[in-house]
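Participant: Would you mind keeping the following structure in view while I ask a few things?
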Amino acid sequence: MIESPARPHVLETSDDELEDIVTYADAMALRGLLYQLTGDEELKAIGLKRVLAGYLERNVPATEEDIALIRRKAVAFLKSYRDAGAPALQIGPAERLATSISLMRGEAIPERAQGLYLEETALDPWVRSLEWTSPPPVDRLENFHVIVIGAGMGGLNAALQLKRAGIRFTVIEKNAGVGGTWYENRYPGARLDSPSRTYTHLYGVDFPYSSPFNPWEDNQKYFSWVADHFGLRDDIVFETEVRSMTWHEDRAQWDIAVSGVDGEKTLRANAVITAVGFLNRPKYPDIEGSETFKGSAWHTVSWPDEASIKGKRVAVIGTGASGYQTVPEMALEAEHVTMFQRTPQYLFPTRGYRSPFKKQVEWLNRNFPFYTNFMRLGSGSADGFESVSHIDPDFDDPHACSASNKVARDVSLNFLRSKLNDPDLIAAMTPEHPVWSARPVAVDPDYCVLDAIKRDNVTLVTDGIEKINETGLVTRTGKQIDVDVIAYATGFRATEYLFPMTITGRGGVTIEDFWAEGGARAYRGCMIPNFPNLWCIYGPNTNGALLPATFHELVTIYALQCIEKLILEDKASIEVRGEPYWDYNRLIDRENAMRVWSDPRVPGYYWSKHGRSATMNPLSGPDMWNLLRVPDFSDLDIR
């Protein structure tokens, strides 16, 4: 039976404080959670209505009286729990959970989705860990070694799951610490644009994050906690980069050439799990004269710890998520900020985006049994994302692909117009492409880039950059703009998966040659023909469908089940066969062609030069979960 620990801090909380605290709780999460804990049938009878939350509709209690009823029941529960001594508490009947989750979401959960949703509550934090189907032979287990490349979100989870399974492993990390992209991205304003509650592994559900959208420092604290709490650091080789990998058929092993603080060496492994991500190698624009600039210049991913922009003139090139995040923060310190914009992006107001949790929410996270579990599921879902991103061929609008997409566009443009009075600024900040044909940006409605560009010390430039010289930049209209600092917020080489490693598989085939026609592809996002015993976390077409942490965990348990089969059956190698690989990728390409990111009007990493997406996953979350939760070994070549 799943049990919550005792919560002694509840004993110090007065009735008045409890009544105040529950007003900060999500009413729908309370509805589902209270039903699970108490079985109160009155909660099932509460009426609902559909409202717009951001640009997506969600179910909420129909009236203020309904909300008040839920809150009264929550206060009564907490008082009773406190007066009983706030002991360890069981979650309640397992057979009730599907109904409780449905009550929280305000709709029936399809049977095919129930398993995914239940896992996402993290009530069982180890549900995505390997449970051996039979005891592994000691000699085979001792002789099997896995190399994990990368110690970010995916790599740390792979390391932990290998450790729990008793499989020997080594993690190779190019940086001096864990965290991956959040070790590197330290520019002013860097923070999550997805809810913090969804940006932890299942076993991190109760991690005390400070904000609804964590700044980079808190993300780094979380990943450091994973490494330290689970004792992973001793198996991580830091400041070491993988240069190449070569498969040796005769001994069924990978040779991994690395270079680091200890020089160059070659490691051997029976299997490799890459967890290098796809937003990890910076992309610089090809601008004439960039090497002649005499001031300081950095990509946002390489922002120096000692950098100071106070009192300086700063140019920010690029207006994706990084650019729109950093400009308003820089404007508070710099003498002047010039924002160079090629393509405006959709901005969506997100209440509390720059603020920490209220103290009442922190209390709920720490003290209301299972509240964090229900909020983890309630905070993130790809369902609405699917409706906004599907192309309706009968919908006639040059700037939207469907009715839902048009609603999203209207929300963003209404926000834009509420912030700006200048018609020229409004025109400059209005995207022509549909929502989600490029990545939209979450912003704080109280202070964001729209406020920044109205400041006297911020200038928006849309003329384009002709060249860079010693003192600054020259626009295409010939204007010289002198600056002290150039910040490149120009994104990543996102479609160049596994770059710059040279990976050579069976028969001398390199992954670069294998992907030369059509770009990067993988079977179920993680396996590639001719490259045995290799799995990719955050591989091709794994952006979308599932939340990042979910995708990482599912690919890891998928890989471990394949490794289990090799060890238990005394096999040497496993790889996907060609036909299933192409069947899966034809499905992905066919479905992606019906998604809004196939719109050609905006450059970006959603759609590649090959006329397809190498990054986006168009499947539903439950469908992708079902594809990854258990390998279909009939699709795989096992030798």
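The values are calculated or read from the model by the stated rules, or taken from the named source; none is laboratory data. No experiment lies behind these values; they were computed from the predicted model shown. Every residue, glycine as well, gets a Cβ built from its backbone with ideal geometry; the counts of neighbours run over all protein chains shown. Only protein heavy atoms, including side chains, enter the accessible area calculation; ligands, DNA and RNA are left aside. Shrake-Rupley method; radii C 1.70, N 1.55, O 1.52, S 1.80 Å.
Participant: Ignoring everything but the protein chains, give the 1.4 Å probe accessible area of residue 463 in square angstrom, nearest 10.
Facilitator: Approximately 70 Å² for this residue.
Participant: Could you point to the residue in 85, 369, 185 farthest towards the positive end of the chain's charge dipole, with +1 and -1 charges on the Cβ of Lys/Arg and Asp/Glu respectively?
Facilitator: Farthest towards the positive pole: 185.
Participant: Give the calculated FRET efficiency between residue 392 and residue 139 to the nearest 0.05, with a Förster radius of 51 Å applied to their Cβ-Cβ distance.
Facilitator: Working: r = 59 Å, r/R0 = 1.15.
Computed FRET efficiency for residue 392 and residue 139 comes out at 0.30.
Participant: Just report the Cα centroid separation between region 391-433 and region 40-101, whole Å.
Facilitator: Between the Cα centres of region 391-433 and region 40-101 lies a distance of 36 Å.
Participant: Tell me whether region 79-140 comes out rounded, prolate or oblate; compute the Cα gyration tensor, take square roots of the eigenvalues as a ≥ b ≥ c, and use a/c under 1.5 as the rounded threshold.
Facilitator: Because a/c hits 1.5 or more and a/b fails to exceed b/c, region 79-140 counts as oblate.
Participant: Something else: Helix-only estimate, please: 222 nm mean residue ellipticity of the chain, summing -39500 (n - 2.57) across DSSP H runs of length 4 or more and dividing by its residues, to the nearest 500.
Facilitator: Working: 20 runs with 205 residues, N = 639.
The helix contribution divided over the chain gives -9500 deg cm²/dmol.
Participant: On to the next question. In region 156-261, what GluC sites (Glu not before Pro) fall in a loop by DSSP, with at most 16 other Cβ atoms inside 10 Å?
Facilitator: Hits after loop and neighbour filter: 239, 249.
Participant: Just name one of 531, 146, 566: the one whose Cα is farthest towards the positive end of the charge dipole of the chain (beta-carbon charges, Lys/Arg +1, Asp/Glu -1).
Facilitator: About the Cα centre, the residue reaching furthest to the positive side is 531.
Participant: Still on this structure, please answer the following. If I ignore ligands, DNA and RNA and count only protein heavy atoms, how much of residue 437 is accessible to a 1.4 Å probe, in Å² to the nearest 10?
Facilitator: 10
Participant: Next question. Apply the Karplus parameterisation 6.51 cos²θ - 1.76 cosθ + 1.60, with θ equal to phi minus 60°, to every residue of region 122-130 and state each ³J(HN,Hα) to the nearest whole Hz, in sequence, with x for glycine and proline.
Facilitator: Once rounded to whole Hz, the list reads 6, 4, 10, x, 10, 5, 9, 9, 6.
Participant: Among the lysines, select those whose C-alpha is under 28 Å from the C-alpha of residue 265, and discard any that sit fewer than 8 residues away in the same chain.
Facilitator: 163, 174, 571
Participant: What distance in nm separates the two pseudo spin-label positions at residue 259 and residue 335, each 7 Å out from Cα along the beta-carbon direction?
Facilitator: With each label placed 7 Å out from Cα toward Cβ, I get 4.0 nm.
Participant: Here's another thing I want to ask about it. Share of antiparallel DSSP beta bridges in the chain, in percent to the nearest 5?
Facilitator: On the way: 38 of 76 bridges.
Antiparallel bridges make up about 50 percent of those DSSP assigns within the chain.
Participant: Sticking with this one: Cα gyration tensor of region 314-357, axes a ≥ b ≥ c as square roots of the eigenvalues: rounded (a/c below 1.5), prolate (a/b > b/c) or oblate? Each step should come with its number before you reach the end.
Facilitator: Values: a/c = 3.16, a/b = 1.27, b/c = 2.48.
The shape class here is oblate.
Participant: Expected output is a single nm value to one decimal: the length gained when fully extending between residue 572 and residue 632, i.e. 0.36 nm times separation in residues minus the C-alpha distance. What is it? Walk me through the numbers on the way to the answer.
Facilitator: Working: separation 60, 0.36 × 60 = 21.60 nm, distance 1.80 nm.
So the chain would gain 19.8 nm between residue 572 and residue 632.
Participant: What translational diffusion coefficient, in µm²/s and rounded to a whole number, does the Stokes-Einstein relation yield for the chain at 37 °C and a viscosity of 0.692 mPa s, taking the hydrodynamic radius as the Kirkwood radius over Cα pairs?
Facilitator: Working: Rh = 26.3 Å.
Here the translational diffusion coefficient equals 125 µm²/s.
Participant: In region 362-437, what GluC sites (Glu not before Pro) fall in a loop by DSSP, with at most 15 other Cβ atoms inside 10 Å?
Facilitator: On the way: sites: 362, 386, 432; in loops: 432.
Filter output for region 362-437: 432.
Participant: Mind checking the dipole of region 529-592: about its Cα centre, +1 per Lys or Arg Cβ, -1 per Asp or Glu Cβ, Debye to the nearest 20? If you can, show how the numbers build up before the last one.
Facilitator: Details: 5 positive and 9 negative charges, 18 e Å.
Dipole size: approximately 80 debye.
Participant: Could you calculate the FRET efficiency of residue 44 with residue 470 from 1/(1 + (r/R0)^6), where r is the beta carbon distance between them and R0 is 56 Å, rounded to 0.05? List each step's numbers first, then the result.
Facilitator: On the way: r = 71 Å, r/R0 = 1.26.
It comes out at approximately 0.20.
Participant: What's the FRET efficiency of residue 228 with residue 164 using the Cβ-Cβ distance as r and R₀ = 22 Å, to the nearest 0.05?
Facilitator: Values: r = 16 Å, r/R0 = 0.74.
After rounding to 0.05, the efficiency reads 0.85.
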